[in-house]
Amino acid sequence: MSGSDTNRAEITHLTDAEQVSIALGEARIGRSEGGIPIGAALIVDGKVVATGRNRRIQEGSAIHHGETNCLENAGRLPASVYARATMVTTLSPCDMCTGAILLYKIPRVVIGENANFYGGEDYLRQRGVEVVVVDDAECRQLMAEFITAEPALWNEDIGV
Ligand SMILES: [Zn+2]
């Protein structure tokens, strides 16, 4: 896309916390758009291949969660690339996103927080995926604020 993506591609050796902060930036953009504030990033060989955010409200979409939107933004990738990838997400992944991670055999998932929602982490681990929970206070706060402000939108997002 733009020059900022070129710059991102030059960044290497991001820590898990730095990766989460990239996803958090996407989540904040989503909130500013009136959307559900969940962001994601796909990291391969230490570089950001794509970012994404939940765009269900913005696009009237049933499937554009943070992680699935990120995978869509990354486009078609060979299995050998997914095999080296880390999916970073601000919130514990739901069943749909857990399934997408498993489908493409992404071996590592970094999660900003799982206090507001506990998704498919146990199943990911059971299937051999490395799951790291950073427990980021800003991710927790952003999501908690949204759930309090927009409970109906949040319940819709998780199928309640
Ligand atoms: Zn999801």
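Taken together, the values in this text are just the output of simple stated rules run on the coordinates, not laboratory data. What you see is a predicted model; the values in this text were computed from it and never measured. Backbone-built Cβ (ideal geometry, glycine too); neighbour counts: all protein chains shown.
Panel order for LEU77, LEU142, by other beta carbons found within 10 Å of each beta carbon, from fewest to most: LEU77, LEU142.
Highest GNM mean-square fluctuation among VAL44, VAL88, VAL20, for the chain modelled with Cα contacts below 10 Å: VAL44. With the biggest extent put first, the Cα atoms of the chain measure 40, 39, 29 Å across the principal axes.
Only the Cβ atoms of Lys and Arg (+1) and of Asp and Glu (-1) were treated as charged; on that basis the dipole of the chain about its Cα centre amounts to roughly 460 debye. Each of PRO78, THR89, SER61 was placed along the dipole of the stretch 46-101 (beta-carbon charges, centred on the mean Cα), and the one lying farthest toward the positive end is PRO78.
In the stretch 5-98, Rg over Rh equals 0.96, where Rg is the alpha-carbon radius of gyration and Rh the Kirkwood radius from pairwise Cα distances. Going by neighbour counts of Cβ atoms within 10 Å, the residues ASP157, ASP45 line up, fewest first, as ASP45, ASP157. Around the Cα centre of the stretch 24-77, unit charges on the Cβ atoms of Lys, Arg, Asp and Glu (plus for the first two, minus for the last two) sum to a dipole of about 80 debye. Annotation: the residues MET96, MET87, sorted from fewest to most other C-beta atoms within 10 Å of their own C-beta, follow the order MET96, MET87. May I ask what percent, to the nearest 5, of DSSP beta bridges between residues of the chain are antiparallel? Bridges in the chain are about 55 percent antiparallel.
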